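The values are calculated or read from the model by the stated rules, or taken from the named source; none is laboratory data. Fair warning: this is a prediction, and the values are worked out from it, not measured in the lab. Here Cβ is always computed from backbone atoms with ideal geometry, including for glycine, and neighbour counts include all displayed protein chains. Heads up: the accessible areas ignore ligands, DNA and RNA and are worked out on the full protein's heavy atoms, side chains in. Shrake-Rupley method; radii C 1.70, N 1.55, O 1.52, S 1.80 Å.
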Amino acid sequence: MFSKLGIISKSSDESLIESLIRYFPLPMFYKRSDDNAFVTNDAFDQVAGSHKKKILDSLSKIQIIHNTKFELKLTNDIGKEMDTITYISEVEEGTLGVIVDITDQVKAKQVIISLKERYEIATKGAQEGLWEWNIKTGEVFYSNKFKEIIGLGTKAAEPKIETWIKRIDPRDNAKVVKNLEAYLNHHIDNFSSEHRINVNGQTRWVSISGKVSYDEKKSPAKMTGFISDITERKEAQLALKNSEQQFSLFMQNLPAGAFIKDEQGTFVFTNDYLNKFFGKQTLVNSNFSDIMPVENIRKLKEQDAKTLQMGADTVEERLKDAQGQEKYFQTHKFVINKDNKRYIGGIYSDITNQKKTETKLNILAHYDLLTNLPNRMMFQDSLKNMISKASRNKSKIALMFIDLDNFKMINDTLGHDYGDLLLQEVAARLKKILRAEDVVSRLGGDEFTVILDDVKDTAYPSVVAQKIIDTLSQPVKLKDEMGYIGASIGISIFPDDTDIMDQLIKNADLAMYRSKHEGKNVYRYFTEDMNADASEKLELTNDLRSAIEHEQLALYYQPIVDTHTNKLASFEALVRWHHPKYGLITPDNFITLAEEGGFMVKVGKFVIKKVCEQIKIMQASGLNTKIAVNISSKQLTQNHLEQTVKNIVTESGINPALLELEVTENFLMNNIEAVEKVISNLKAFGIATAIDDFGTGYSSLAKLKKLSISKLKIDKSFIDDIPNDEDDMVIASMIITLSQQLGLEIVAEGVETEAQAEFLKEKGCHLMQGYLFSEAIPETEINAFIEARN
């Protein structure tokens, strides 16, 4: 090591080495071994500058082993850094050193490293791998991304072209190699290939390209290129190709017409469905005006213009096929933009069956299937439109409500088939009477309406109404039977009676009920007093709901006398309503209200309870007198009637045989299946059943024999004119004979004269009731009546 530092200047006695240093172009220093002094040349001094002593001090500390080389970074007086390599060697007279400036080489190296790093980053981000093939040596450089793409990962790759070639899928290998050779032999201008490779048992798609650089002899020297994984794109392309093939197949087999045409209407695509529909091999290059009816062309052009303006449109069209058969289509049209041109695409969907279904549904919704007349919904629509028209024209319309008289009797007696035939005949007759502008509808059941349009004279509806009555009164041939009906008609005039549709309907309905109440087979115009009657009816209905709670219902008892012994046989219980405003109201005037109001069952239950209480009172006095209770149709159709009666009788503790139920013949015959079991069960319990108003319901012997009844009551209408009406006398006699043959008791209702009583006794009827014997007795007086009678 240097033991002493010193710096000497140039002198005339300098050594040969020192002379060499002085003229050497590179920075040099020399340390003499005898005095450890440094000798430097001008080049060294310029590089070291003011740092010369510091640099020499550093150099003196370096241990020299024969020859030493090291890198040294120097900074000159102006702050510029230099990268250097210092070479030091021992010589006989001391130590010799040379400093070489390698700043440019270091910078170049750093640039190369930086470029390499940037490339790696760039190729990694761009998902591309680099490859470089030295064609002369056969060596190939593969970047890390290249190795990753072909499935080598971070493993060292054999630097040969075969490293890539052998991983190419056998299906593509020969083609890729052939292209590469053709490029190297100048047969093609560039090399690029998309092919499959096998990566860890999976098939991937890659895109590889390369470019050759040539030597001075124009021979291929080096080939550089890139590789990228295009699996996703390729699979997408293959999927698109498959989907395009499938779409084409789909369009050709689509069970609907598909087309594309230009703005002038010339087809550029049509599928098989549309071609076959028009009987053509293809419609391509033909114009829609060539296949469409002349009368449709203008409309179609307007539709196309709208589609081009809106971008899409959906319309319904009627088209005729090659056989002339008309079909309905829903056509969805849309704009297609391609190559700066606009086209109209479309799908024709056959909706013929849907249209037929809609027509059927429309008929079901708006027409009565039995008569083919407009139904209630269509009637209301028609009435609304005709009222609007009449309002605009300041004209009048007449609304008629028609209810068929005696229809229910025919329908119930002969059966629904006969009833349906009758309704169809009524509809046909009504349509023949009316003008084309008038509307006849069936609301349901036996209810019809007629709307007379543009009524000039309010007397005109009466002419039409009478014509309807006369026409419908004519016998109707029903298979092997003849039907006889009438018609009750109510008439309301718009706007004379009202200018509100609902009120007009209500008025006509009220007028119809008035005509029915006043004898049937007549017509009545609406009058304001009908509204008053309807208001009174509503008032009574509301009051009747609370009549039981307010103790306004009371029972009266009509005695039934055995004229053979002149003793009391039984009673019939009759309910009366003591109304605080209208006084005493008989059942004829409120039972129907109770049935329509839905609380007849409640009234009936009240009556049965009161009768059972009366029977118990009489039993306690030693009187075992039977009391009959009228049962309404509403009560009989309730599922719980039987159990209700049984519970009341059981709770009261009376003898069931002292309670009798009366049911009208009319209802009983029409609902025999529904009530037969109830009557039978009540008889088994001990409660008898009688048929009231017998002779008015057209009973058959077969039906009577099926019922577990104990008594028939001759209707008052057959008693009233005895002995003056021979027909009534014959009918009464027949009913008495029938009851005797069936082993049933017989009671005559409404007996008011001695002559009537004598006739009935003579024919064998001894049980009678009526004013001849007694009026109905209030329940508070019944005990006194019984004692006096006995």
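How many residues does region 293-316 hold that are within 19 Å of Q330 (Cβ to Cβ), basic (K, R) and at pLDDT below 90?
1
Given the criteria at pLDDT 90 or above and either surrounded by 12 or more Cβ atoms within 10 Å (Cβ to Cβ) or under 23 Å from N337 (Cβ atoms) (or both), does D290 qualify?
So D290 does not fit the description; no.
So, in region 489-519, how many residues would count as being under 45 Å from the mean Cα position of the chain (by Cα) and open to solvent by less than 40 Å² (accessible area, probe 1.4 Å)?
Within region 489-519, residues that are under 45 Å from the mean Cα position of the chain (by Cα) and open to solvent by less than 40 Å² (accessible area, probe 1.4 Å) number 14.
Out of the residues in region 601-622 meeting the condition of being open to solvent by 10 Å² or more (accessible area, probe 1.4 Å) and β-branched (V, I, T), tell me which one is modelled with the lowest pLDDT.
Among them, the one singled out is V601.
Considering only region 336-357, how many residues are of a type in the set (K, R), open to solvent by less than 100 Å² (accessible area, probe 1.4 Å) and in contact (Cβ under 8 Å) with a residue 60 or more places away in the chain?
The qualifying residues number 1.
Is it the case that F141 is in contact (Cβ under 8 Å) with a residue 60 or more places away in the chain and either open to solvent by 30 Å² or more (accessible area, probe 1.4 Å) or aromatic (F, W, Y) (or both)?
no
Please work out which residue is farthest from the chain's Cα centre (by Cα), limiting yourself to region 149-167 and to residues that are outside any loop (DSSP other than H, G, I, E, B) and under 26 Å from S219 (Cβ atoms).
E162
What are the residues in region 31-48 that are part of a strand (DSSP E or B) and in contact with a Ser or Thr (Cβ under 7 Å, 6 or more places away or on another chain), if any?
Passing the criteria: only K31.
State yes or no: is K360 basic (K, R), under 30 Å from R514 (Cα atoms), surrounded by fewer than 12 Cβ atoms within 10 Å (Cβ to Cβ) and under 36 Å from the mean Cα position of the chain (by Cα)?
no
What strands (runs of 3 or more DSSP E), lying completely within region 368-471, carry at least 3 residues that are farther than 18 Å from N521 by Cα and open to solvent by 10 Å² or more (accessible area, probe 1.4 Å)?
439-444
Of the conditions (1) open to solvent by 50 Å² or more (accessible area, probe 1.4 Å); (2) modelled with pLDDT of 90 or more, Q110 fails just one. Which one is it?
Exception for Q110: condition (2).
Look at I500 and say whether it is touching a Ser or Thr at 6+ places or on another chain (Cβ under 9 Å), among the aliphatic types (A, V, I, L, M) and modelled with pLDDT of 90 or more.
No, not satisfied.
Give me the pairs, please: first residue somewhere in region 369-396 and farther than 19 Å from S492 by Cα, second residue anywhere and in a helix (DSSP H, G or I) and hydroxyl-bearing (S, T, Y), beta-carbon distance under 9 Å, and either six or more positions apart or on two chains.
P374/S382
What are the pairs, 6+ residues apart or on separate chains, where a residue within region 598-619 that is closer than 16 Å to F571 by Cα and in contact (Cβ under 8 Å) with a residue 12 or more places away in the chain has its Cβ under 6 Å from a residue that is open to solvent by 10 Å² or more (accessible area, probe 1.4 Å) and outside any helix (DSSP H, G or I)?
Close Cβ pairs (under 6 Å, with a partner that is open to solvent by 10 Å² or more (accessible area, probe 1.4 Å) and outside any helix (DSSP H, G or I)) amount to V607/V575; C612/I654; I615/I654; K616/I654; M618/T625.
Conditions tested, residue by residue: (1) basic (K, R); (2) more than 16 Å from S209 (Cβ to Cβ); (3) open to solvent by 100 Å² or more (accessible area, probe 1.4 Å); (4) not in a helix (DSSP H, G or I).
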| site | (1), (2), (3), (4) |
| --- | --- |
| K147 | yes, yes, no, no |
| N173 | no, yes, no, no |
| V177 | no, no, no, no |
| A182 | no, no, no, no |
| H195 | no, no, no, yes |
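Within region 737-757, can you find the residues that are over 20 Å from A628 (Cα atoms) and in contact with a helix residue (DSSP H, G or I) (Cβ under 7 Å, 6 or more places away or on another chain)?
L742
Say we look at region 23-48 and pick out the residues that are under 13 Å from L59 (Cα atoms) and surrounded by fewer than 20 Cβ atoms within 10 Å (Cβ to Cβ); which of these is modelled with the highest pLDDT?
Result: A37.
Of all residues in region 149-160, which are touching a residue at least 12 places away in the same chain (Cβ under 8 Å) and either open to solvent by 20 Å² or more (accessible area, probe 1.4 Å) or charged (D, E, K, R) (or both)?
Scanning region 149-160 gives G151, A157, P159, K160.
Taking the condition of being at pLDDT 80 or above, open to solvent by less than 30 Å² (accessible area, probe 1.4 Å) and under 19 Å from T103 (Cβ atoms), how many residues in region 52-84 meet it?
Counting residues in region 52-84 that are at pLDDT 80 or above, open to solvent by less than 30 Å² (accessible area, probe 1.4 Å) and under 19 Å from T103 (Cβ atoms) gives 3.
Is there any pair linking a residue in region 556-567 that is closer than 15 Å to E762 by Cα to one that is surrounded by 11 or more Cβ atoms within 10 Å (Cβ to Cβ) and of a type in the set (G, A, S), with Cβ under 7 Å and at least six apart or on different chains, and which?
That search, which allows pairs on different chains as well, returns D562/A569; T563/A757.
Which of (1) among the small types (G, A, S); (2) over 23 Å from V106 (Cβ atoms); (3) free of Cβ contacts under 8 Å to residues at least 24 places away in the same chain does S60 not meet, given it meets every other one?
Exception for S60: condition (3).
State which residue is surrounded by the fewest Cβ atoms within 10 Å (Cβ to Cβ) when the search covers only region 293-330 and only residues that are within 16 Å of L274 (Cβ to Cβ) and of a type in the set (K, R).
Filtering region 293-330 for residues that are within 16 Å of L274 (Cβ to Cβ) and of a type in the set (K, R), the one surrounded by the fewest Cβ atoms within 10 Å (Cβ to Cβ) comes out as R318.
So that you can scan it fast, the table gives a plain yes or no per residue for (1) more than 16 Å from E194 (Cβ to Cβ); (2) of a type in the set (A, V, I, L, M):
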{"residue": "I135", "(1), (2)": "yes, yes"}
{"residue": "G138", "(1), (2)": "yes, no"}
{"residue": "F141", "(1), (2)": "yes, no"}
{"residue": "K166", "(1), (2)": "yes, no"}
{"residue": "N173", "(1), (2)": "no, no"}
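Given the conditions (1) modelled with pLDDT of 80 or more; (2) at negative phi; (3) not basic (K, R), which single one is not true for A239?
Here A239 clears every test but (1).
Go through (1) at pLDDT 85 or above; (2) open to solvent by 60 Å² or more (accessible area, probe 1.4 Å); (3) more than 21 Å from K711 (Cα to Cα) one by one and return the number of the condition F685 breaks.
So the condition that F685 fails would be (3).
To keep it simple, each residue is scored yes or no on (1) free of Cβ contacts under 8 Å to residues at least 24 places away in the same chain; (2) within 18 Å of S19 (Cα to Cα); (3) open to solvent by less than 80 Å² (accessible area, probe 1.4 Å); (4) in a helix (DSSP H, G or I).
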position	(1), (2), (3), (4)
S50	no, no, no, yes
Y87	yes, no, no, no
G97	no, yes, yes, no
V100	no, no, yes, no
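Kindly indicate whether V476 is within 18 Å of V522 (Cβ to Cβ) and open to solvent by less than 10 Å² (accessible area, probe 1.4 Å).
no
So which of K341, K276, K306 is more than 33 Å from the chain's Cα centre (by Cα), more than 18 Å from L254 (Cβ to Cβ) and charged (D, E, K, R)?
Going through K341, K276, K306 in turn, the sole match is K341.
Determine whether region 640-657 contains at least one residue that is part of a loop (DSSP other than H, G, I, E, B), under 18 Å from V675 (Cα atoms) and open to solvent by 40 Å² or more (accessible area, probe 1.4 Å).
Within region 640-657, one or more residues are part of a loop (DSSP other than H, G, I, E, B), under 18 Å from V675 (Cα atoms) and open to solvent by 40 Å² or more (accessible area, probe 1.4 Å).
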